[in-house]
Amino acid sequence: MTPTEVFSIAGMITMPMWILMILLPKWKVTRFLIDFKVIPLLLSTIYAIYIFLAIQIGGGMDFGSLESVMALFTEENAVLAGWVHYLAFDLMVGMWMLDQNKKIGIHQLLMAPCLFGTFMFGPVGFLLFFIIKTIKQK
């Protein structure tokens with residue numbers, strides 16, 4: 001399987017999870033997938049494979065400077081691993097937000113932009129959730 005095909009597959013398994021989390025967060029299938037971290041575990045496996053391949057091809061990874069990190073992202077396997085890393089961690093943050101919301105009780109109409117923001121812009125969605133959570137708890 002080529003990195004391009006794996007990139008597409010990673011997106012195809014991530015997108016439905018976000019849709020379920022945004023539209024049907026309390027559905028038993030959604031809750032099962034969240035509780036057992038099914039999609040993040042699949043993405044983590046893909047990540048492990050491609051980070052291993054990137055290290056094999058490109059040697060050690062240097063995160064000590066912006067220039068070094070930019071050089072890492074010239075290797076296809078490293079870029080794919082980086083993208084899958086984003087997909088997995090953003091998804092984990094979204095799942096965490098839904099778990100937190102079981103206790104907080106933020107209305108789904110307010111949670112949807114937080115989740116969409118996390119899906120599209122990672123930390124921006126998390127920030128929005130944290131602001132709403134803080135306001136709700138006061």
Discussion item. Longer than 19 Å from Cα to Cα, which of Lys103/Lys133; Lys26/Lys138; Lys103/Lys138; Lys37/Lys138 are they? Say none if no pair is.
Written reply: Lys26/Lys138; Lys37/Lys138
Response to the item:
In whole Hz, the Karplus estimates of ³J(HN,Hα) for the range 83-94 (6.51, -1.76, 1.60; θ = phi - 60°; x where Gly or Pro) are 5, 5, 4, 4, 4, 5, 6, 4, 5, 4, 5, x
Item to complete: Mind ranking 116-125, 60-69 by how tightly packed they are, going by the mean number of other C-beta atoms within 10 angstrom, highest first?
Response: 116-125, 60-69
Discussion item. Using a probe radius of 1.4 Å on heavy atoms only, what accessible surface per residue do you get for the chain? Whole Å² is fine.
Written reply: 62
Worksheet item: Which of the peptides 98-107, 45-54 is most tightly packed, and how do the rest follow, going by the mean number of other Cβ atoms within 10 Å of each residue?
Response: 45-54, 98-107
Worksheet item: GNM on the chain, C-alpha springs below 10 Å: top fluctuator among Trp83, Trp27, Trp96?
Response: Trp27
Worksheet entry | For the range 46-130, size of Cβ-based charge dipole, Lys and Arg +1, Asp and Glu -1, in debye | 460
Worksheet item: On full extension of the chain, what length is gained from His107 through Leu127, given 0.36 nm per residue of separation minus the C-alpha to C-alpha distance?
Response: 5.5 nm
Worksheet item: Roughly how large, in nm² to one decimal, is the mean projection of the convex hull of the alpha-carbon atoms in the range 59-118?
Response: 5.5
Worksheet entry | trypsin sites (Lys or Arg not before Pro) within the range 25-59, DSSP loop, no more than 16 other Cβ atoms inside 10 Å | Lys26, Lys37
Discussion item. Can you return the aspartates and glutamates within cross-link range of Lys28? Criterion is Cα-Cα under 16 Å, with same-chain partners fewer than 8 residues away left out.
Written reply: Asp99
Worksheet item: What is the log10 of I(q)/I(0) for the chain, computed with the Debye formula using one identical point scatterer on each Cα and no solvent, at q = 0.13, 0.18 Å⁻¹?
Response: -0.62, -0.98
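The values are calculated or read from the model by the stated rules, or taken from the named source; none is laboratory data. Predicted, not measured: the structure shown is a model, and the values here were computed from it. Don't worry about glycine lacking a Cβ; one is built from the backbone with ideal geometry, like all the others, and counts go over all protein chains shown. Side chains included, ligands, DNA and RNA excluded: accessible areas come from the protein's heavy atoms. Shrake-Rupley method; radii C 1.70, N 1.55, O 1.52, S 1.80 Å.
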